[in-house]
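Below: one structure, written as structure tokens.
Here, each number is a calculation from the coordinates, and none is a lab measurement. Quick caveat, the model's predicted, so the values are computed rather than measured. Virtual Cβ from ideal backbone geometry, glycine too; neighbours counted across all protein chains shown.
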Amino acid sequence: MVSKKQLDTLDARMIHDALLQQQEDRGIRCLTCSHRCVIPEGKTGICDTRANIDGTIKTLVHGNISSLSSNPVEKKPFFHFAPGTTAFTVGSWGCNASCEFCQNYSISRASPVSKSSRYLSPEGFIDAAQQEGAEGISVSFNEAATLMLEWNMEAFKIAHERGLYNTIVSNGYMTTQALDALIDTGLDAANVDMKGCGPAVREICGITTEPVWENIIHMKERGVHTEVTTLVVPGLSNDEECLESIASRIKDDVGKETPWHLSKYFPTYKYDEPPTQLSTLLAARNNGRDIGLEHVYIGNVREPGLEDTICPSCGKICYERRGYLSRNTGTDQSGQCDKCGYDLGIKFWPSEEE
């Protein structure tokens, strides 16, 4: 239940009509994310950011900002999109997943009406990005990519008008209508979190994987640069069979050129399993390569070479990465290996078409 008193704590500009909703007998169905919650009067959906107020679903996070930071795009991580650039990044409150190991739980598990936050307009955000000298923007941290849909659409349009790129880091659990709205207003690149396999994802994260796969495929079909990340979590996604199935599906349904980031998990929030073993990550990378993926990276591990881009054809190291720093060692401006001409799928910004 969301009360008038709680709503009064928000800047009125943060309460905005939701784009995607449908009237039903039991309430109004929200069509923003794949939960498709039916929300009765005075209640919120699972995400706690969309409420039925006087017979209309309203978003409570339109410019309701929790976090701003200027990051290398490699931190997202994007390794094959706009390397060497900076993405000005924004987040809000709430989430439509409930991962027990969430790294951003202080904002993702917080209700927008329980926090004192600041309003930031889409134009103000792009102004700030340009003041920071960023080449693009990213919507991240707490699944703001989905939950701030209407605000994001406005920001994306302004960003493109000013020559900035638009990216999201997302759990991918949005409806096709919401995804198309982001793409139609200027989404350039997405890093999508594929959390694991089977019932464990529902149990530990509160979502299912098939809608996420469908969205990854849809993004690729619509020309959005797409990278996939799997945080290798004990009891969720560290099983060899599961990791091999993720690698196979990326190759078969998305494309062998699609970058796959395997990230080391560390205990946090409600999850106290020990950190992922490096041997598990290395085995998953090697199996992914054997299956046919061309670019498999290991993150959150301070070991040299695990995040370098190596040409699948001739073996040349074409991009070196240390932490969030990257160095072009063999990639021409069309994204090809400068030794053998193999297409590495690296997209620079501005692109050749700009």
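Please sort 157-167, 303-313 by packing, taking for each peptide the average over its residues of neighbouring beta carbons within 10 angstrom, highest first. Before the final figure, lay out each step's value.
Working: 157-167: 19.9, 303-313: 16.9.
So the peptides 157-167, 303-313, ranked by packing, come out 157-167, 303-313.
Equivalent ellipsoid semi-axes for region 304-354, as square roots of 5 times the alpha carbon gyration tensor eigenvalues: give them largest first, rounded to whole Å.
Working from the Cα gyration tensor, I get semi-axes of 18, 15, 7 Å.
Taking N as the number of residues in region 236-354, what is its alpha-carbon radius of gyration divided by 2.2 N^0.38 Å?
Against the compact-globule rule of thumb, the ratio is 1.15.
Give me the Å³ per residue figure for the convex hull around the C-alpha atoms of region 4-59. Working shown, then result.
Values: hull volume 4.0 nm³, N = 56.
Here the figure is 72 Å³ per residue.
Could you compute the net charge surrounding residue 87? Neighbours are other residues with a C-beta less than 9 Å from the C-beta of residue 87; K and R count +1, D and E count -1. Before the final figure, lay out the partial values.
On the way: positive: 75, 76; negative: 135.
After counting each charged neighbour, the total is +1.
Sort 199-208, 47-56 for me by packing, meaning the mean count of neighbouring Cβ atoms within 10 Å per residue, highest on top.
Highest mean packing first, the order is 47-56, 199-208.
Roughly how far apart, in whole Å, are the Cα centres of region 8-22 and region 206-264?
Going from one Cα centre to the other spans 33 Å.
Go ahead and estimate [θ] at 222 nm for the chain from helices alone: -39,500 (n - 2.57) per DSSP H run with n ≥ 4, summed, over the residue count, rounded to 500.
Per the formula, -7000 deg cm²/dmol.
Let's test the formula: R0 of 56 Å, r as the Cβ-Cβ distance of residue 70 and residue 25. What FRET efficiency results, to the nearest 0.05?
Values: r = 47 Å, r/R0 = 0.85.
Computed FRET efficiency for residue 70 and residue 25 comes out at 0.75.
If you take the beta carbon distance between residue 266 and residue 325 as r and set R0 to 25 Å, what does 1/(1 + (r/R0)^6) give as a FRET efficiency, to the nearest 0.05?
Efficiency, rounded to the nearest 0.05: 0.70.
Using 0.36 nm times the number of residues separating residue 283 and residue 351, minus their current alpha carbon distance, what extension gain do you get?
21.0 nm
Each residue of region 256-263 in order: what ³J(HN,Hα) in whole Hz does its phi give by Karplus 6.51 cos²θ - 1.76 cosθ + 1.60, θ = phi - 60°, with x for Gly and Pro?
Residue by residue, region 256-263 yields 5, 7, 5, x, 10, 9, 9, 10 Hz.
Order of 92-104, 20-32 by packing, highest average Cβ count within 10 Å first?
In decreasing order of mean packing, 92-104, 20-32 become 92-104, 20-32.
Return the ratio Rg/(2.2 N^0.38 Å) for the chain, where Rg is computed over Cα atoms only.
Scaled against compact globular proteins, the figure is 0.98.
What angle do you read, to the nearest 10 degrees and between 0 and 90, between the alpha-carbon axis of helix 122-131 and the longest principal axis of the chain?
40
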